[in-house]
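The values are calculated or read from the model by the stated rules, or taken from the named source; none is laboratory data. This is a predicted model, so every value here is computed, not measured. With ideal geometry, Cβ positions are generated from the backbone for all residues, glycine too; neighbour counts draw on all protein chains shown. What goes into the accessible areas is simple: the full protein's heavy atoms, side chains included, and nothing from ligands, DNA or RNA. Shrake-Rupley method; radii C 1.70, N 1.55, O 1.52, S 1.80 Å.
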Amino acid sequence: MSLPSPTHHWWQTGVIYQVYPRSFQDTTDNGVGDLAGITQHLDYLQDLGVDAIWISPFYPSPMKDHGYDVADYCDIEPLFGDLDTFDKLLAEAHQRNIKLIIDYVPNHSSDEHPWFQESRQSRDNPKRDWYIWRDPLPNGAPPNNWGSYFGGPAWTFDEKTGQYYMHQFVAGQPELNWRNPDLRQAMMDVLRFWFDRGVDGFRMDVVGLILKDEQLRDNPPNPDAPADLHKNDLLGRQLSVYNMDQDDVHEIMREFRQLAEEYEDKVLIGELWGEWDRWLKYYGEQGEGLHLPFNFRLMWEPWEAGAMRRLVNEFESVLPDFAWPNYVLGNHDQPRFASRFGGRAQALVATMMLFTLRGTPTWYYGDEIGMMNVPIPPEKIQDPQAIGLGAERTRDITRTPMQWDASPNAGFAPEGVETWLPLADDYEQVNVAVQADDPASMLSLVKQLLAVRRATPALNRGDYLCLNEDDPHCFVYQRQADGVAYVVALNFTGEERTTAVSTSHLSDNTTHAQLILSTHLDRTDETIDLTTITLRPHEGVILRLS
């Protein structure tokens, strides 16, 4: 096993594993996961080989958006435990050399947060300006045309004070006013509270939204809006010019970074979208911004070698030298990648790609066993996005309980307890216990991939070089560090393919390599001729250059 590089941080060479706490493990017999459930499975995560856990929100909340409506930024929702439960989780994770990253929700609070309760008391309340309030237009309409991500306008009228307040999500998530210095300081103090407690970093929710156009101008219409958009999807009919990615938001990113650097080796990860030029700014002009603006683009590409290759090459070409790359295949907002890419066979190849590209990979719970989208009956839908924009927009399909074993409720909750979302129909066959005993399972592949990645500097911090530009079926690239090179070859199709590598592109002009790992987990130590690499259907391989 290689030692950490003195020139790279843990958040660069390591693997991050996202836990959606409601769905990981129920220890209180109420059908909802909790923090003690995460602690219970830390040995599993250590054995899996992850380096850090990112936990989605666990703060006190009325749960109108399952915790992203925060009623207290410095406490724990009783449904999940308390601060002692959190401290035990943190200590136990650190004992296993696992870092802990938590969610920070800076754009909005709950309407039940004491700050908002004060703010809505009167127009002259000291905390009035901690949120975004505006008068109606002369005809009584909202102050501008902005839409909510969950459907309808981004404004709700408050009868008591005769003004609208802004919310770009549900009405129970009023937006904080980061242009108010007192609010800004209070939210910086939240970061200090958790850093002082010992957390290793933050994933910052919709961080590009926290500053809006000072004049709150109308967004222009989107000329490419689909004709079949839901009637409530006002935001989809607009270009997000004035409600996100304002130039002065980067001053706040620098403040976040300066605060983090008061502590030792912390990480700041931002949830961001947009074109490359807007997205790249969140690193800062010379790396003084966020450490990792999340790069979601792999999730939105079709399952085609050419599409993935173009995306990776484009990313590598635009990324400044000081910026560290990262990739994501799944999270709590997107369909499961095994379903999105066509099935579990494709998921094996996608997994090898994620863990061998240059940069930090983020993994979503359950993807290591190939969990698929779970159909949710309309009466059981809980996602506010689906409630506002139609059942087909539900994210519940990707948030279902973790499948631990074949017992009732998949080992997530005791028999007879109704789980907060339905279980997958196939949980008796697709679960951790079954796959742990199967040397050819997806879980076995993930463990072996993470072990190889951790032990191989070329894979966890090495350079990237694309080795085939034109093959429509296979994606082949080289990773190299400290004079040692590896080749990764991925077949994106269900047919056997032969792909060639121009040896002039390789670091030492070699023509042969040793096979280290196949996604089929049935061959190693073969000598492979790099001029004719034959890949079976849905196979990926890692090769060490001779």
query: What ³J(HN,Hα) values, in whole Hz, does the Karplus curve 6.51 cos²θ - 1.76 cosθ + 1.60 give for segment 142-150 when θ = phi - 60°, with x put for Gly and Pro?
result: x, x, 8, 8, 4, x, 8, 5, 9
message: Through the Karplus equation 6.51 cos²θ - 1.76 cosθ + 1.60, θ set to phi - 60°, convert the phi angles of segment 80-92 into ³J(HN,Hα) values in whole Hz; use x for Gly and Pro.
response: 9, x, 8, 5, 5, 4, 5, 4, 5, 4, 4, 5, 5
task: Place a +1 charge on the Cβ of each Lys and Arg in segment 251-341 and a -1 charge on the Cβ of each Asp and Glu, then give the dipole magnitude about the Cα centre in debye, rounded to the nearest 20.
output: 500 debye
statement: In Å², rounded to a whole number, the accessible area per residue of segment 354-425 with probe 1.4 Å is 33 Å²
task: Can you tell me the 0 to 90 degree angle between the C-alpha axis of helix 181-197 and the longest principal axis of the chain, rounded to 10?
output: 40 degrees
query: Any idea of the accessible area per residue across segment 186-318, 1.4 Å probe, to the nearest Å²?
result: 43 Å²
task: Starting from the Cα of Ala227, step 7 Å along the direction of its Cβ; do the same at Glu495; then give the gap between the two resulting points in nm.
output: 3.5 nm
Electrostatic dipole magnitude of segment 335-399 [Cβ: Lys, Arg +1; Asp, Glu -1; Cα centre; debye, to 20]: 160 debye
- request: Mind ranking 484-494, 33-43, 81-91, 263-273 by how tightly packed they are, going by the mean number of other C-beta atoms within 10 angstrom, highest first?
  value: 484-494, 33-43, 263-273, 81-91
task: State the number of lysine pairs found in the chain whose Cα atoms come within less than 16 Å, restricting to pairs 8 or more positions apart or on distinct chains.
output: 4
field: Built amide H within the under 5 Å cut-off of Gly540, gap 5+
entry: Asn491, Thr519, His520
- prompt: Based solely on its DSSP helices, what 222 nm [θ] is calculated for the chain when runs of n ≥ 4 H residues each add -39,500 (n - 2.57) and the sum is averaged over all residues, nearest 500 deg cm²/dmol?
  reply: -6500 deg cm²/dmol
query: Direction-averaged shadow area of the convex hull around the Cα atoms of segment 195-315, nm²?
result: 10.4 nm²
- line: segment 474-524, Kirkwood Rh and Cα Rg, ratio Rg/Rh at 0.97
- prompt: Across segment 334-339, in residue order, what do the Karplus-derived ³J(HN,Hα) couplings come to in whole Hz, using 6.51 cos²θ - 1.76 cosθ + 1.60 with θ = phi - 60° and x for Gly and Pro?
  reply: 10, x, 3, 5, 5, 6
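In segment 470-546, carbon and sulfur make up what percent of the accessible area (probe 1.4 Å)?
C and S atoms contribute 43 percent here.
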- request: Could you work out how far helix 249-260 tilts from the main Cα principal axis of the chain, as a 0 to 90 degree angle to the nearest 10?
  value: 70 degrees
- request: Using Cα pairs closer than 8 Å and at least 6 residues apart in sequence, work out the relative contact order for segment 212-269, in percent.
  value: 35 percent
- request: Using only alpha carbon pairs under 8 Å that are at least six residues apart, calculate the relative contact order of segment 480-546 and give it in whole percent.
  value: 47 percent
[x] 25.9; [y] 28.9; [z] 24.6, with the label sought being that of the calculated Kirkwood radius over Cα pairs in Å: [z]
- request: Name the residues whose placed amide hydrogens come within less than 5 Å of the amide hydrogen of Leu329, ignoring near sequence neighbours (fewer than 5 apart) on the same chain.
  value: Thr362
message: Given contacts defined as C-alpha pairs under 8 Å and at least six residues apart, what's the relative contact order of the chain, whole-number percent?
response: 13 percent
task: Please label the shape of segment 314-440 as rounded, prolate or oblate, based on the square roots a ≥ b ≥ c of the eigenvalues of the alpha-carbon gyration tensor (a/c under 1.5 means rounded; beyond that, a/b larger than b/c means prolate, else oblate).
output: oblate
message: Which residue, Leu137, Gln435, Pro57, has the largest displacement toward the positive end of the dipole of the chain when charges sit on each Cβ (Lys, Arg +1; Asp, Glu -1)?
response: Leu137
field: Magnitude of the charge dipole, the chain, Cβ model with Lys/Arg +1 and Asp/Glu -1, debye to 20
entry: 620 debye
field: Listed residue (Ser240, Ala347, Ala386) projecting farthest to the positive dipole end of the chain, Cβ model
entry: Ser240
DSSP-defined antiparallel bridges as percent of all bridges, the chain, nearest 5: 60 percent
- prompt: Roughly how many percent of the accessible protein surface of segment 328-444 is carbon and sulfur, given a 1.4 Å probe and a whole-percent answer?
  reply: 52 percent
field: Contour excess over end-to-end distance, with Cα ends at Val417 and His505 and 0.36 nm allotted per residue
entry: 25.9 nm
field: Per residue value of the accessible surface for segment 83-146 (all protein chains in place, 1.4 Å probe), Å²
entry: 45 Å²
query: Tally Lys and Arg at +1 and Asp and Glu at -1 over the other residues with C-beta under 14 Å from the C-beta of Val50: what net charge comes out?
result: -1
- request: Give, in nm to one decimal, the length gained when the segment between Arg237 and Thr527 is fully stretched (0.36 nm per residue of separation minus the Cα-Cα distance).
  value: 98.9 nm
- line: Once amide hydrogens are built 1.01 Å from N within the peptide plane, the residues lying 5 or more places from Gln18 or on another chain with amide H under 5 Å from its amide H are Trp54, Trp363, Tyr364, Tyr365
task: For segment 48-164, give the percent of accessible area contributed by carbon and sulfur heavy atoms, probe 1.4 Å, rounded to a whole number.
output: 48 percent
Using alpha-carbon coordinates, inclination of helix 305-318 to the longest axis of the chain, degrees: 70 degrees
